[in-house]
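Working notes for the structure below.
The values are calculated or read from the model by the stated rules, or taken from the named source; none is laboratory data. Computed from a predicted structure; not experimentally measured. Every residue, glycine as well, gets a Cβ built from its backbone with ideal geometry; the counts of neighbours run over all protein chains shown.
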Amino acid sequence: MFHCDRSLVRQAALAAGTVMLLVLGGDLQAQEPPEPNYLRPAEPCPSDPQVLATQLLADLPSYANRVSSRNLDLSTNPIQPVTTILVASAPDFTPLDLSQLLPTGATSEGEADTDLQQVFFTTLERQYWQGRPTSLQHYHWLFLAPTQDGWHMALLFSSLGPYSNSGPLGSSSRPPTPPQESSDGIVGQAVRLWLRDCRFEAVFPADAEVERVSPDPSTNP
């Protein structure tokens, strides 16, 4: 009889312990913080051209410098100057009257597309030539075209000019160069890449907060 009671007590104790483990385990799971989501949330590309251009120019230097690094080939041209874009200006949306640029007697078929969005901006660049830094300004005239899947670059014209009196090429007395079509240049490629990423919702919004990572003290010399 004593042996049977002892067995029953052991079973009851095991059952009580199992219940306690289940209860405590549920409480611990409820207290665990949710797993962090390291994926960047998708951000729709702005449909407003002014919002789009403002966000584009904020990211343009980093995009352009990556394009420049990929295109740099010192094996074929080891003495080519290295250019870095420091900053892009705020956009200017005051359009030029394109009808005045049409040839005399042009028909309506040759009239400018009124859907094109004109954006004017300037990039400040630093170029190193023979060990000396030179600051330059690039003046850009960008045409954005709306399509069913978002905005695309239609054309880009650029003009190069000096910045103050920086370096041997930076004389303020030299006028800017005539505008040239530059859609396949460094800035043109960067604009095209950014617009592609924007259409795929793969760019940060203009007001996104970037989490700062503190340096590891153990890595300091």
**Prompt:** If Thr84 satisfies every condition in (1) modelled with pLDDT of 95 or more; (2) not in a loop (DSSP other than H, G, I, E, B) but one, which is the exception?
**Reply:** (1)
**Total residues in region 175-195, condition under 17 Å from His152 (Cβ atoms) and without any contact (Cβ under 8 Å) to a residue 24 or more places away in the chain** = 1
**Filtered residue count, region 174-192, keeping only those that are part of a loop (DSSP other than H, G, I, E, B) and under 20 Å from Gln127 (Cβ atoms)** = 9
**Prompt:** If you go through region 121-132 one residue at a time, do you hit one that is more than 22 Å from Thr84 (Cβ to Cβ), aromatic (Phe, Trp, Tyr), crowded, with 17+ Cβ neighbours inside 10 Å and at pLDDT 95 or above?
**Reply:** no
**Complete:** Of the candidates Ala106, Ala30, Ala42, Ala53, the one satisfying the condition of being surrounded by 10 or more Cβ atoms within 10 Å (Cβ to Cβ) and modelled with pLDDT under 80 is Ala106
**Message:** Just checking, does region 145-164 include any residue being more than 20 Å from Ala90 (Cβ to Cβ) and modelled with pLDDT under 85?
**Reply:** yes
